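Have a look at the structure below, then the notes.
The values are calculated or read from the model by the stated rules, or taken from the named source; none is laboratory data. Because the structure is predicted, anything quoted here is derived from the model rather than measured. Note that each Cβ is placed from the backbone with ideal geometry, even for glycine, and that neighbours are counted across all protein chains shown.
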Amino acid sequence: MLNIIACFKWVIDEADIKVDKGSRRLILDRVSYKISAYDRNAIEEAARLQERHGGSVAAVTVAPPTAKQCLKDALSRGPDKAYFVNDPSFADIEPSQTASLLAAAITSRIEFDLIICGEGSSDLYAQQVGPALAERLGIPCATYVNKLTYVESERLVIADRKLEDGTETVSVPLPALVTILPDTNTPRIPTLKQVLGAAKKPIENIPLDALGQTYAPRLQTLDTLAATMDRRRLKFGPDPEGIRSVIGALMKEGVIA
Amino acid sequence: MDFKLSEEHQLIRTSVREFCQKYVEPAADEIDQQARFPEDIVKRLAQQDWLGIPFPEDYGGAGSDYLSYIIVVEELSRACATTGFTLECHTSLACYPLFKFGTEEQKKRYLLPLCKGEILGSFALTEPGAGTDAGAATTTAVLDGNQYVLNGSKIFISNAPVAGVLIIFAMTDKSKGTKGISAFIVPGKTPGLTIGKHLDKMGIRGSLTAEVFLKDCRIPKENLLGQEGQGFRIAMMTLDGGRIGIAAQALGIAQAALDESVRYSKERVQFGKPISTFQAIQWMIADMATAVEASRFLTYHAAWCYDQGLPYSKEAAMAKLFASETAVYQTNRAVQIHGGIGYIKGHKVERLYRDAKITEIYEGTSEVMRMVISGNVLR
Amino acid sequence: MPGIWVFGERRDQTLELLNAGKNAAKALETRLVAFTRERPSAEEFIAYGADEVLVLPQLAEDQPLESYVPVLAETARHEDPDVFFIAATARGKEIAARLATRLETGLCSGCSGFGFDQEKKLLRMERMVFGGAAMQSLICTTRPQIATIPPRTFEPAAVQTGRKGTVRELQSTPSSAVKVIKRSPKAKEAVNITEAKIVVCVGRGMNNKEDVDLARQLADVLGGEVGCTRPIAEELHWLPEEVYLGISGKKVKPDLYIGLGVSGQIQHVTGIRDSKVLLAVNRDENAPIFEAADYGIVGDLYQVVPKLIEELKTALKV
């Protein structure tokens, strides 16, 4: 039996981002949102562990109230219950605040053996919340995991961490937190019954004042501008002349010799 | 009046899009060019609970509403009109008449496996001499003891080669004209039932369309669907609902044409500028987007009427008429926007252009739609 | 004692951070401090620019690198550094996030460059967001200002003869509830794609695994290496993961990048955008790669590449 928490973030679909060419400002007024890709893997992993070992899966998110629809989305992917830590000020928070908010909500309300997070979110990709949350809760963590096994008899998980120098297999006593990589699993596409079933699952609303604290940011964003890349953008045909022109240009640039 | 889709409907749409991106888009070209029936995709449609969407869970369905079903058809058709249509034909033309007119026994026996996706369904009304004039059917069904004996032939029957069950319409009493037609449930492997070869079509090429031959095909008399003489009414009611499905299919095709045209016109540079900066293209896109939006609202409204238990025959006809004519016209515009490349196989708009045409023809031609609408309006 | 601290998982990463740190130390008028796990390398780090080297205690066989978190936290509370640069390896990123939490300070992850506000003694840091589509500039208002810096963002520091500095052995004990039970090193890479001066990249436009050989032939003529986009490595397994280029793969800065059948998704382009010259071959003239390229050949790569190889052999007199 495992009581699992899967944390997820509701992020802008980067395909919808438009750019004002002159100022390089991002135009976000018509963007759609989705559950961050690696968090889907986290939810999927939690669902699989529950199917295998029994227990429960709670999906938890920190978001502004306008993100409400993320809850049914998450619930259609396996969890039994969702927790919605919400406040309008959460539209622009930084990882340290998210970790503190998650910690406060979890400590006050949710029993758990294991917390699963994605390795990072597809919008900011700071890769901080997982380990920061573990620190706040005073529990051990294993990051960049692509294989997770629960050893019931010893109340621990064995995790394969995929690191630059190879795989590091670690044992982590529960309660613990892991952050997982996208190659850990392939998230299921919710079936219609799962989508309809999401409406019947409980959602607990946790407003900011219920947590009794404020969480000040430590970083200050000066601006966020579209990345530029100034390239020549010259095009040639596949005919022999075109190819020779390209080769000539490359030689002139000194990149081939 | 709430024009916003519920969270469930939005989630259903998102899940179909994920599915299409993963399984349907990568195969759509090949399905079209090889005229390959997407058997693997159909199996997955069953796993997603999509082959009996608006039917109760007791009968193997998902217990959802018609609008959910329409959204699924739209999104599947946006990726691949063949896939969208295969699901639509199965759901609206085969499952629906069983649900509406079948006995408990018939529903348990045939509707359950259909909705669960264990078998596919087919609807055989059209004959070489009876298209729009469905009443001119010459296929006969004669009661002989405990069985009906069917003789005749049907043409342009979708899903027939892979159907586990077909709803076949035949004359039980020639003297009564349309009131002499009855509907029958015929399992796919019944002796005396032969399916002709797969017809090579302009569009929806992966959908299996064939002739159906009945030669002393014997079925138990319990396989009569509804009453004798009720067949024409069953067919017409079935097609009413099916029209909303075809409207959704046409909507999906037109939306895809719009998506492709928007993307292409921003990327294609001529005279030093993307062609999306030229007014000629901008106006084409404006017209296309407006027409697609109108198709969407007509289609969703018809589905809403169905779900509310309100009359929907006129609304369904309007939706199909408008959405199909939009699909045909706008896929033509989409090819025009693409220029030469839009004429080349392997480019999505070339396939969309060919796929669109059938939506003006099957499940009731545009001419029949106009008859239905004027009949309603001028009453 | 204030200072710019640097911690790299490997020696070469520490040298890069010493380079990054030296300008920060100058701007903030403070010292540069490096961590090492091996006492013998302390003097080396001093020669490369450190004013002080702190020697970390040895880890037990079953202790992961992150066991240093309590040691680093305790030392930081004691010494009060201004800035802490940590190499953004997987372990480094975990260490940084946990450290920032313990020290109740902010962390800029994946910092790709920085400037200074000399007056406020703050770093103005830059990092990529939205899959590489945008650049976020930020400052950290708490102390220490912590940033993880990806390997190879900075060149390694230059050695300076005659430098003096201090070495101190840290006494605190590393600890971790997490135990390492096995280490499976990656098979030694035959190729380090990040060092290659010329990279030929295989994209989805290639039809078969066998066609990767075409890319290899082109690379051989040019004396370059073969890389690929993420799907080629992670989904199709035509090439090993070590050579996939992109935001979650390797970032390369070759003199010449040639993309064959590469469409140019932002996640891939982010890994190659610092190439000196970018050449793309793709049959789709609208492929986004052409926006990111200096030279583009629009055509079927199966026709173009053999011709390119032939013409190159003539031009380079191979």
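Numbers for the structure displayed
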read-out	value
Top-ranked residue in the range B:57-88 [being outside any helix (DSSP H, G or I) and within 21 Å of residue B:123 (Cα to Cα); ranked as nearest to the other protein chains (Cβ to nearest Cβ)]	B:61
Which numbered condition residue C:115 fails, given (1) within 21 Å of residue C:19 (Cα to Cα); (2) within 14 Å of chain A (Cβ to nearest Cβ); (3) in contact with a helix residue (DSSP H, G or I) (Cβ under 7 Å, 6 or more places away or on another chain)	(3)
Scope the range B:325-379; condition in a helix (DSSP H, G or I) and within 19 Å of residue B:125 (Cβ to Cβ); matching residues	B:358, B:359, B:360, B:366, B:367, B:368, B:369, B:371, B:372
The range B:329-360 - residue that is buried (at least 16 other Cβ atoms within 10 Å of the Cβ) and among the hydrophobic types (A, V, I, L, M, F, W, C) and, of those, farthest from residue B:33 (Cα to Cα)	B:337
Residue in the range C:248-255 that is assigned by TED's automatic domain parsing to the domain that holds residue C:305, in contact (Cβ under 8 Å) with a residue 60 or more places away in the chain, assigned to a loop (DSSP other than H, G, I, E, B) and not polar (S, T, N, Q) present	yes
Members of the range B:43-100 found to be within 10 Å of the chain's Cα centre (by Cα) and of a type in the set (Lys, Arg), listed by number	none
Criterion: touching a His at 6+ places or on another chain (Cβ under 7 Å) and in contact (Cβ under 8 Å) with a residue 60 or more places away in the chain - qualifying residue of B:377, B:349, B:368	B:349
Matching strands (runs of 3 or more DSSP E) fully within the range A:20-106 where at least 1 residues are surrounded by fewer than 20 Cβ atoms within 10 Å (Cβ to Cβ) and within 14 Å of chain B (Cβ to nearest Cβ)	A:33-35
Residue in the range A:157-172 that is in a loop (DSSP other than H, G, I, E, B) and touching a helix residue (DSSP H, G or I) at 6+ places or on another chain (Cβ under 7 Å) present	yes
Hey, residue A:133 assigned to a helix (DSSP H, G or I), within 14 Å of chain C (Cβ to nearest Cβ) and touching a residue at least 60 places away in the same chain (Cβ under 8 Å) or not	yes
Residues of the range C:209-227 classified as without any contact (Cβ under 8 Å) to a residue 40 or more places away in the chain, of a type outside the set (A, V, I, L, M, F, W, C) and crowded, with 18+ Cβ neighbours inside 10 Å, total	3
Condition check for residue A:193: in a loop (DSSP other than H, G, I, E, B) and surrounded by 14 or more Cβ atoms within 10 Å (Cβ to Cβ)	no
Flag for residue C:126 being more than 9 Å from every other protein chain (Cβ to nearest Cβ) and either under 24 Å from residue A:178 (Cβ atoms) or free of Cβ contacts under 8 Å to residues at least 12 places away in the same chain (or both)	no
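Quick grid of which residues meet (1) closer than 23 Å to residue B:66 by Cβ; (2) at pLDDT below 95; (3) outside the structural domain of residue B:243 (by TED's automatic domain parsing):
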site	(1), (2), (3)
B:336	no, no, no
B:347	no, yes, no
B:352	no, no, no
B:366	yes, no, no
